[in-house]
Amino acid sequence: MYIIIVGLGGIGRSLTSLAVEHGNNVVIIDRDEQRAGEMLEHYDVLAITGNATDKSILEDAGIDRADALVATTSDDSVNLMTCWLAKRFKVPIVVSIVNQKEHSDLFKEVGVKISENPDELVANRLYYWAKNPQLQQLASIPGGTIFEVVAEKGAPIVDHEIRELKVKDFVFIAIRRAGGELIIPSGTVKIRPGDTITVFTKKEAENDCLELLNRQLRRSPE
């Protein structure tokens, strides 16, 4: 792929590394010449210093032949304008971070695939880990979240069937047992100590789901 990455903050730098690692042709755009130069020291990319909302800068970046453009700056107005221009140039894939939720609809109206507030996503994951150390979030998708949670020995639901849980707005996708056995769960499957359970929950029910599983899959402190 020919990918244009706009913004060289933490996300932009990580994305550049990932894109290069996967063998893509990458062009980076940033207003800061020093940051662009530092990336050239480590990666085989084309670096352009300037404002990506300037049509001529995008043309220098090869926007007319780009397969994808990803906007990662901390300024939603810059991201939105850049994405709008990319759409005008008929770039097939246009993706952006959105720093403030209230701006999400503007990006959607332009037809941009978005990732809302990366700082909030990181904060949520850290909170999950702090509150549920046995939980690992796997993915956040439109409308819900997929995560893994481990059943502790002595937890209330251990040695009981899944159907005994009061399941609402979440579903067990799979259970991985010690030794690597993978189970597609039904209501009659019994939870065993150490089971790693993959769960999907609706976004609006996420907190209730975590509270319930926390009570049922963790051993009560003595």
- Somewhere in segment 141-156, is a residue open to solvent by 70 Å² or more (accessible area, probe 1.4 Å), part of a loop (DSSP other than H, G, I, E, B) and either in contact with a Pro (Cβ under 9 Å, 6 or more places away or on another chain) or within 30 Å of residue 12 (Cβ to Cβ) (or both)? yes
- Query: Got a sec? Which of 60, 54, 64 is touching a residue at least 24 places away in the same chain (Cβ under 8 Å) and not small (Gly, Ala, Ser)?
  - Reply: 64
- Residue count, segment 83-133, condition at pLDDT 90 or above, crowded, with 18+ Cβ neighbours inside 10 Å and farther than 15 Å from residue 71 by Cβ, comes to 0
- segment 60-72, residues that are within 16 Å of residue 94 (Cα to Cα) and either modelled with pLDDT of 95 or more or not in a loop (DSSP other than H, G, I, E, B) (or both): 61, 62, 63, 64, 65, 66, 67, 68, 69, 70, 71
- Query: How many residues does segment 172-222 hold that are surrounded by fewer than 11 Cβ atoms within 10 Å (Cβ to Cβ), of a type in the set (S, T, N, Q) and at pLDDT 85 or above?
  - Reply: 2
- Message: Could you list, ordered by first residue, the pairs with Cβ atoms under 6 Å in which the first is in segment 157-177 and touching a residue at least 40 places away in the same chain (Cβ under 8 Å) and the second is among the polar types (S, T, N, Q) and assigned to a helix (DSSP H, G or I), at least 6 apart or interchain?
- Response: 157/216
- Message: For the list (1) of a type outside the set (Asp, Glu); (2) assigned to a loop (DSSP other than H, G, I, E, B); (3) touching a residue at least 12 places away in the same chain (Cβ under 8 Å), I need the number of the one condition that residue 47 fails.
- Response: (2)
- Query: Among the residues of segment 79-98, is any touching a residue at least 12 places away in the same chain (Cβ under 8 Å), farther than 18 Å from residue 27 by Cα and in contact with a His (Cβ under 8 Å, 6 or more places away or on another chain)?
  - Reply: yes
- Of all residues in segment 22-42, which are within 24 Å of the chain's Cα centre (by Cα) and in contact (Cβ under 8 Å) with a residue 12 or more places away in the chain? 24, 25, 26, 27, 28, 29, 30, 39
- Given (1) over 26 Å from residue 192 (Cα atoms); (2) modelled with pLDDT of 85 or more; (3) small (Gly, Ala, Ser), number of the condition residue 155 does not satisfy: (1)
- Message: So residue 49 passes all but one of these: (1) open to solvent by 30 Å² or more (accessible area, probe 1.4 Å); (2) hydroxyl-bearing (Ser, Thr, Tyr); (3) modelled with pLDDT under 95. Which condition number does it fail?
- Response: (3)
- Item | Residues (in contact with a strand residue (DSSP E or B) (Cβ under 6 Å, 6 or more places away or on another chain) and either among the aromatic types (Phe, Trp, Tyr) or surrounded by fewer than 17 Cβ atoms within 10 Å (Cβ to Cβ) (or both)) located in segment 25-45 | 33, 40
- Give the residues of segment 79-101 that are among the hydroxyl-bearing types (Ser, Thr, Tyr) and in a helix (DSSP H, G or I), sorted by residue number. 82
- Of the residues in segment 52-86, how many are under 17 Å from residue 1 (Cα atoms) and under 25 Å from the mean Cα position of the chain (by Cα)? 7
- Among (1) open to solvent by 20 Å² or more (accessible area, probe 1.4 Å); (2) modelled with pLDDT under 95, residue 56 falls short only on (2)
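The values are calculated or read from the model by the stated rules, or taken from the named source; none is laboratory data. What you are looking at is a predicted structure, and each value in this text was computed from that prediction instead of being measured. FYI the Cβ positions are ideal-geometry reconstructions off the backbone, even for glycines, and counts take in every protein chain you see. The accessibility values were calculated without ligands, DNA or RNA, using every heavy atom of the protein model including side chains. Shrake-Rupley method; radii C 1.70, N 1.55, O 1.52, S 1.80 Å.
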